[in-house]
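**Student:** Before anything else, here's the structure in question.
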Amino acid sequence: MNLGNRKNIIVNMLQKNPGMGKTAVMKAMFMLQQVKGISLGCDFSIYTYGPYAAEIMEDIDELLSEGVLSSEIYQSHNYIGYKLKTTDKGSKAAVGLKNKETQAMENILDFVRGKTAKELELYATVIYIDNLYLKNGWSGNGGAEPVVKKVHEIKPHFTGDQIKDAYSQLKEMKYLQ
Amino acid sequence: MPAGTKWDKKYKVRDPVYGFVKLDAQEMEIVNSPYFQRLRRIKQLSLTDMVYPGANHTRFEHSLGVVQMASDMFDNIVSKETNCKRLGVGTDALKRIRKIIRLAALLHDMGHAPFSHAGEDTMPFLPEGHVRYEEGGKKRYEHEDYSIAAIKYVFKDYIEDHHLGEALGIKTEDIIGLLGDKNVKPTRTSLIWGGIISGQLDADRADYLLRDSLHLGVNYGNYDRNRLVNCITLGESEEESDCLLAIEEGGWHVAESLVIARYQMFSQVYFHPVRRAFDYHVTGATKEVLKSLGYEKGLFPEPLEGSIKEYLDLDDWVMYGAFKNGQGREHGRRILERKPYKCRKEWDMEVPDEEKERISSDLKKYQGFYDDGAVTKWYKLDKDITIYDETRNRIYPLSYKSKLVNVLPGLPKTTRLFITQEGNGANYEFGK
């Protein structure tokens, strides 16, 4: 069974870190493409939970219907969703990643592990907006201010300090360009 | 302002789905503009009328319908006090958002190519440096790129200089931002309300399912529109971080019927084998026509300031005229004479290797094509609509509640081999 590159990465990711929710997989894939430069062919847009690409959601749905992944319900205090894991069929179908991809994936997984959906939403949104501002030349002299201001405007449930902290942390980790 | 358009008059346009679509003077001015009128000459479903003869409705009435549907959804959402509190904005801001949504709904399909989606395979490839460019350069522009260019370069004055737009401070960026343009800064409005134009619960699909069913004479796409509009709401997202479009828990059945309606329409209508054959002929014929018009590679002009009007001058009628003149060559003739390649073999599973070899060898001997999966980029099932349980203040995916949606397959996996019915293909049988 040939999974294709992007699906293979998803399956490898879930083998390494079973139990990720769909939104967490989305954020990890976004960071893999945006921060680590792994070519996934995804067109990310900013959405309620942060960056979103329809291609990833379609891949997950296909992997589930092909029996490569399985899902189980989980519940947080105000949310019911699905946790994903690889099946035996998926383990057989998965192909080892290239060194560069493996390293990038492990790096991203280290970052993602233990973070709540809300935290991931914040970090991914900061990365998305920073890149958008850079590409369009809206960053002025660079620095955090325009990005922090925009993130606060579109996601007012995060405080300015929370966004600034996230920005500094990402900058320090060289997750921002 | 065109003669007959009065500044503050409200207009009512007859519509087979809603009875009437209501428009204000600014919207009417846009509708009366030559480039919007072009949508009367772009059929909604390309050559689906070759299978369902009633499928002759156009992007024009669909665009008006999306305005009505989007407004009804918005009005219902903001009629609930809890939603207004959640949004945290006042009446003036709501008026402004409503207007942005209506204009985005009206203009969302401006950039469709002749023959709608079937014409998208003749859109040019994205240039290096484009925000969506990928290594290898295999990604093409999409009709949304043309819609955005049309709004920016053709409709700017209609949006910003009309007193109704001016009074609310509406800018072109507000409209294209809602339509997902990555060259404008996202706003809270575009994030929350973008989903009403494009998303799991958008007014676009909510309109086309009903409209297409009506014109085709099928019932697959029907669902309870009034119930849907009345159940749409704003829920609190995961960990209560923000608000998002959702369906009230009591209305999950209508969300289920919307998903099933869409699935049925895709499998029974949009991916009908004859329609797929004509999509192929449309691509071939369009390439030939474009070459004959001086577009060297047989691709449409790019969605740029200097070329968008050139693109908008092309419509189904121009193409049909060119087919009649022979500029569509072999594929054009097949369209005019209704002589499509015929589906000779269909697979619902992965094609075995030996059969793949046979397909490529047969396609060297016979005119035809292999339709790899009948999946196009415009097919997005997005089956998991968000449901909001207000009593417990929690959200969950529709598939958690609906056993039907949960087992609904993802993308259709059908692949098909099409071969000419003329000449040596007349008696063709796969494997013989």
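**Student:** Assigning unit charges at the beta carbon (Lys, Arg +1; Asp, Glu -1) and nothing else, what dipole magnitude in debye, to the nearest 20, does the protein assembly as shown show about its Cα centre?
**Tutor:** That gives the protein assembly as shown a dipole magnitude of about 640 debye.
**Student:** Residue by residue through the stretch B:55-62, what is 3J(HN,Hα) from phi via Karplus (6.51 cos²θ - 1.76 cosθ + 1.60, θ = phi - 60°)? Round to whole Hz and write x for glycine and proline.
**Tutor:** Taking θ as phi minus 60°, the curve returns 7, 10, 6, 10, 5, 5, 5, 5 Hz for the stretch B:55-62.
**Student:** So, one more: Report, in whole Å, the centroid distance computed from the Cα atoms of the stretch B:304-354 and the stretch B:382-402.
**Tutor:** Centre-to-centre distance over Cα atoms comes out at 41 Å.
**Student:** Over all distinct alpha-carbon pairs, what is the Kirkwood Rh of the stretch B:30-153 in angstrom?
**Tutor:** Its Kirkwood hydrodynamic radius stands at 16.8 Å.
**Student:** Here is a follow-up. Order B:357-365, B:59-67, A:31-39, B:242-250 from most to least packed using the mean count of other Cβ atoms within 10 Å.
**Tutor:** My ranking of the peptides, most packed first, is B:59-67, B:242-250, A:31-39, B:357-365.
**Student:** Can you give the FRET efficiency for B:V407 and A:E145, using 1/(1 + (r/R0)^6), R0 = 60 Å, r = Cβ-Cβ distance, to the nearest 0.05?
**Tutor:** Efficiency for this residue pair is about 0.75.
**Student:** Arrange the following residues from fewest to most other Cβ atoms within 10 Å of their Cβ: B:H112, B:H331.
**Tutor:** Result, fewest neighbours first: B:H331, B:H112.
**Student:** Starting from the Kirkwood radius over alpha-carbon pairs of the stretch A:21-134, derive D by Stokes-Einstein at 20 °C in a medium of 1.002 mPa s and give it in µm² s⁻¹.
**Tutor:** It diffuses with D of about 143 µm²/s by this estimate.
**Student:** Determine one quarter of the surface area of the Cα convex hull of chain B, which equals its mean projected area, and express it in nm² to one decimal.
**Tutor:** Mean orientational projected area (chain B, Cα hull): 22.9 nm².
**Student:** With everything on Cα atoms, drop me the angle between helix A:22-34 and the longest principal axis of chain A, reported from 0 to 90° to the nearest 10.
**Tutor:** Once rounded, one gets 70 degrees.
**Student:** Leaving out same-chain residues fewer than 8 places away, which aspartates and glutamates sit with a Cα under 18 Å from that of A:K164?
**Tutor:** A:E119, A:E121, A:D130, A:E145, A:E153, A:E172
**Student:** By how many degrees, between 0 and 90 and to the nearest 10, does the Cα long axis of helix B:353-365 differ from the longest principal axis of chain B?
**Tutor:** 70 degrees
**Student:** Quick query: amide H of B:K342 versus all other amide H atoms, modeled in the peptide plane; which residues come in under 5 Å with a sequence gap of 5 or more or a different chain?
**Tutor:** Answer set, sorted by chain and number: B:I419, B:T420, B:Q421.
**Student:** Also, quick follow-up: Helix B:203-216 sits at what angle to the longest principal axis of chain B, using alpha carbons and giving 0 to 90 degrees rounded to 10?
**Tutor:** Approximately 50 degrees, to the nearest 10.
**Student:** Work out the FRET efficiency for B:W317 and B:E81 from their Cβ-Cβ distance, taking R0 = 41 Å, and round it to the nearest 0.05.
**Tutor:** Calculated transfer efficiency: 0.25.
**Student:** Would you kindly work out the equivalent ellipsoid of the stretch B:279-393 from its C-alpha gyration tensor and give its semi-axes, the square roots of five times the eigenvalues, largest first in whole Å?
**Tutor:** 33, 29, 13
**Student:** If you take the C-alpha gyration tensor of the stretch A:115-177, multiply each eigenvalue by 5 and take the square root, what semi-axes do you get, largest first, in whole Å?
**Tutor:** Listed largest to smallest, the semi-axes of the stretch A:115-177 are 17, 13, 10 Å.
**Student:** Enumerate the lysines that B:K156 could reach by cross-link, defined here as Cα to Cα under 17 Å, with residues fewer than 8 away along the same chain left out.
**Tutor:** B:K99, B:K171, B:K309
**Student:** While we're here: Provide a whole-number value for the mean count of partner chain Cβ atoms within 10 Å of the Cβ atoms in peptide B:182-189.
**Tutor:** 5
**Student:** For A:42-54, what's the mean count of beta carbons from other chains sitting within 10 Å of each residue's beta carbon?
**Tutor:** 5
**Student:** Another question, if that's okay. The stretch A:55-129 to the stretch B:107-174: how many Å between their Cα centroids?
**Tutor:** 32 Å
**Student:** Run the numbers for B:L293 and B:S361: contour at 0.36 nm per residue of separation, minus the present Cα-Cα distance, in nm.
**Tutor:** 21.1 nm
**Student:** Here's something else I'd like to know. Could you tell me the distance between the Cα centroids of the stretch A:145-177 and the stretch B:236-285, to the nearest Å?
**Tutor:** Rounded to whole Å, the Cα centres lie 35 Å apart.
**Student:** Which whole number gives the average count of other chain Cβ atoms within 10 Å of the Cβ atoms across peptide B:308-317?
**Tutor:** 0
**Student:** Quick one: what Rg and Dmax do you get for the protein assembly as shown from the alpha carbons, in Å?
**Tutor:** So, for the protein assembly as shown, Rg and Dmax equal 24.5, 74 Å respectively.
**Student:** Given the pairs A:K118/B:K80; A:K100/A:K171; A:K115/A:K149; B:K10/B:K85; B:K43/B:K432; A:K89/B:K138, which are separated by over 28 angstrom at their Cα positions?
**Tutor:** Violating the 28 Å Cα-Cα cut-off are B:K10/B:K85; B:K43/B:K432; A:K89/B:K138.
**Student:** Could you work out the relative contact order of chain A, using alpha carbon pairs under 8 angstrom and six or more residues apart, expressed as a whole percent?
**Tutor:** Answer for chain A is 24 percent.
No value in this document is a laboratory result; all are computed from the given coordinates. All figures in this text were calculated on a predicted structure; none of them were measured in a lab. Methodologically, a virtual Cβ is constructed for each residue, glycine included, from the backbone with ideal geometry; neighbour enumeration extends over all protein chains shown.
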